[in-house]
1. Across the range 93-110, in residue order, what do the Karplus-derived ³J(HN,Hα) couplings come to in whole Hz, using 6.51 cos²θ - 1.76 cosθ + 1.60 with θ = phi - 60° and x for Gly and Pro?
2. Once amide H atoms are placed 1.01 Å from N in the peptide plane, what residues at a sequence separation of 5 or more from V38, or on another chain, have their amide H within under 5 Å of its amide H?
3. Let me have the 222 nm mean residue ellipticity of the chain computed from DSSP H runs of 4+ only, each contributing -39500 (n - 2.57), with the sum over all residues rounded to the nearest 500.
4. How about K68: which lysines have a C-alpha closer than 16 Å to its C-alpha, ignoring those fewer than 8 places off in the same chain?
Amino acid sequence: MTAPGFDVFFLDTGYHFAETLGTRDAYEVMLPLTIRTVHPKESVERQDVRFGPRLHDRNPDLCCRMRKVAPLNAALEGYAAWVTGVRRADATTRADSQLIEWDAKRSMIKVNPVVGWSHDEADRYAVENGVFMNPLRELGFASIGCAPCTRPVGAGEDPRAGRWSGQDKVECGLHI
């Protein structure tokens, strides 16, 4: 049985932690839904041949554009709307996000059902409702992206400090 009327996409960048892939797989087993895994046009190996290894270190914007943004854009073609987990509390770049907004970049409606939730509210909801979380959260990963570009955060650090640490980057491009 699948959840009727909608598709769930998982962007497999080729750089995910094993725990992230395991979390995706667990959800597909635990819930009545089908997850459609979306891949970039090129494998990591082919990208390395074209651009050299570790593009994510040298040009993270290009890497994110090829491995996340372009595949999502292709997957969303033909849809009228998409639903995200964006929250204003995640980053200053998301502070003006609305519950329902027009995604001009994709010419579609963007729905952000948890946009107003704080970090504490999201955590409390997960605990109270038995939401299965990526095990990396227990190891200090407050925001989880691709393995080469994500680290655990220290006590008192901003939850997004572990993403693209040491670089002038806070968003992958999916939501800006």
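1. These are the phi-based 3J(HN,Hα) values: 5, 10, 4, 9, 4, 10, 4, 10, 8, 8, 8, 5, 4, 10, 6, 8, 7, 10 Hz.
2. F10, L11, D12
3. -7000 deg cm²/dmol
4. Candidates past the 8-residue exclusion: K41, K105, K169.
Only the coordinates and a few stated rules stand behind these numbers; no lab work does. All figures in this text were calculated on a predicted structure; none of them were measured in a lab.
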